[in-house]
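Structure first, commentary second.
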Amino acid sequence: MGRTLDAATLERILEVTRRLAAPFELSEMLGEVIDAGRAVLAADRGTVFLYDDKTDELVVRVGTGIETIRIPADRGIAGECARSRQIINVPDCYADSRFNPEVDRSSGYRTRCLLAVPLIGHDDSLVGVLQLLNKEDGTFDERDEKIAASFAAQCAVALQRARMTEELVVKEKMEHELSLAREIQMGFLPREMPRLTGYELAGTSRPADETGGDTYDAVSIDDTKAVLLLGDATGHGVGPALSATQVRAMLRIALRLGAGLDATISNINDQLEQDLADNRFVTAFLGVLDAVAHRVTYHAAGQGPLLHFRAASGTFDWHKSTTVPLGFISPLLLDGSATIDLAPGDILGLITDGVFEYENPDGEQFEEAGVETLIRRHHEEPMERLVELLLQEVDRFGDTVPQADDITIVLVKRLPA
């Protein structure tokens with residue numbers, strides 16, 4: 001392919017290689033590659049198209065005199081270079097049907113000649129395409145192609161390294177931020193449950209991801225009453241976590257203002273209906289435990305089934321939701337509150353579907369039956385211990401299957417007389 005490179009050119013390429021070995025951020029590295037390419041090949045302008053294998057596009061992150069653009073990886077001269085992995089030398093761009101003059105028309109620049117060089121990484125993967133425009137003293141020749149091939153091999157590895165470093169930094173930053181978000185979210189959960197005479201309360205929440213869409217709360221109104229909240233936002237992750245935390249925050253504000261049960265859940269619903277996207281909602285239980293009347297008065301907005309273990313008979317009642325999920329429609333459809341009366345030894349269980357729908361390796365779900373078996377066997381244990389045992393049993397049931405949904409459990413027991 002022509003004569004070998006002269007010593008001066010080789011020295012320039014080696015100098016570029018030494019410079020590219022320095023630690024650069026990806027955007028800086030792209031600029032270095034373009035500047036070096038222009039200098040080594042005496043080109044007027046340059047562009048690096050990075051290949052995005054997720055979208056099969058060539059992406060311009062940095063260019064000389066042009067804005068960032070995306071093009072399909074099978075379009076134009078750059079696309080053909082990427083597809084064929086061969087250098088493409090166009091001595092007269094306007095005489096070549098593959099050339100798109102739109103960029104020239106929009107920028108006022110005129111491209112005479114063009115050299116497109118594939119950037120292939122050390123693992124033979126496509127990193128991108130280096131495109132150089134307008135040789136200063138004419139057109140690009142075979143010697144320029146040879147220089148470009150040698151130069152591109154160095155640039156591709158440097159870009160690949162910078163790209164991997166950038167992805168690692170982004171990943172580590174995201175993991176740190178998610179860890180911080182989890183810490184904040186878990187900090188919103190009750191540090192201890194209310195102490196009501198004759199009752200024992202316990203709760204826990206375990207997200208499927210770093211953050212989750214479940215929440216719970218228990219707040220003493222006075223020495224004999226406490227408000228109970230269980231919320232489950234659609235999905236799991238950061239977005240649902242924000243929705244769940246918003247519900248808990250609005251409940252606390254309503255309690256400070258002295259709002260009743262109906263007004264509280266209605267106002268929370270109306271605000272969520274304004275804030276959430278059409279495909280988002282929150283299922284929630286909101287109730288008041290009266291330790292004197294031994295009754296829970298509640299609304300279950302799409303949240304169910306609710307467990308009521310009757311200690312005297314060893315049987316279970318499963319209560320359905322009483323209205324639609326929060327944020328679904330406004331005003332919320334309320335037809336009076338529901339009640340559950342608790343006899344000595346009875347247990348009220350507020351449990352999200354992450355427990356009921358937990359699957360084992362055979363695709364079978366834990367379901368209500370799994371909860372019944374565990375509680376019937378261990379209902380005399382302290383509630384904190386019973387929560388632990390229920391989590392352990394779900395994990396044992398799932399075996400090697402990872403947790404797919406957020407899990408939240410709140411248990412309320414009326415102590416035996």
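Quick look at the values:
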read-out	value
Strands (runs of 3 or more DSSP E) lying entirely in segment 1-112 (those with 2 or more residues that are touching a helix residue (DSSP H, G or I) at 6+ places or on another chain (Cβ under 8 Å), modelled with pLDDT under 70 and surrounded by 12 or more Cβ atoms within 10 Å (Cβ to Cβ))	57-63
Some residue of segment 114-121 being part of a loop (DSSP other than H, G, I, E, B), surrounded by 15 or more Cβ atoms within 10 Å (Cβ to Cβ) and touching a residue at least 40 places away in the same chain (Cβ under 8 Å)	no
Hits in segment 328-356 - residues which are modelled with pLDDT under 95 and of a type in the set (D, E, K, R)	335, 353
Scan of segment 260-287 for residues that are surrounded by 14 or more Cβ atoms within 10 Å (Cβ to Cβ), free of Cβ contacts under 8 Å to residues at least 40 places away in the same chain and under 23 Å from residue 412 (Cα atoms), ordered by number	264
Residues within segment 292-307 that are farther than 17 Å from residue 264 by Cβ, surrounded by fewer than 19 Cβ atoms within 10 Å (Cβ to Cβ) and out of contact with any Lys or Arg (no Cβ under 7 Å at 6 or more places or on another chain), tallied	3
Residue within segment 134-152 that is farther than 25 Å from residue 28 by Cα, hydrophobic (A, V, I, L, M, F, W, C) and part of a helix (DSSP H, G or I) present	no
Test: residue in segment 328-339 that is within 19 Å of residue 213 (Cα to Cα) and in contact with a Phe, Trp or Tyr (Cβ under 7 Å, 6 or more places away or on another chain)	yes
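The values are calculated or read from the model by the stated rules, or taken from the named source; none is laboratory data. No experiment lies behind these values; they were computed from the predicted model shown. Glycine gets a Cβ as well: all are built from the backbone with ideal geometry, and neighbour counts include every protein chain shown.
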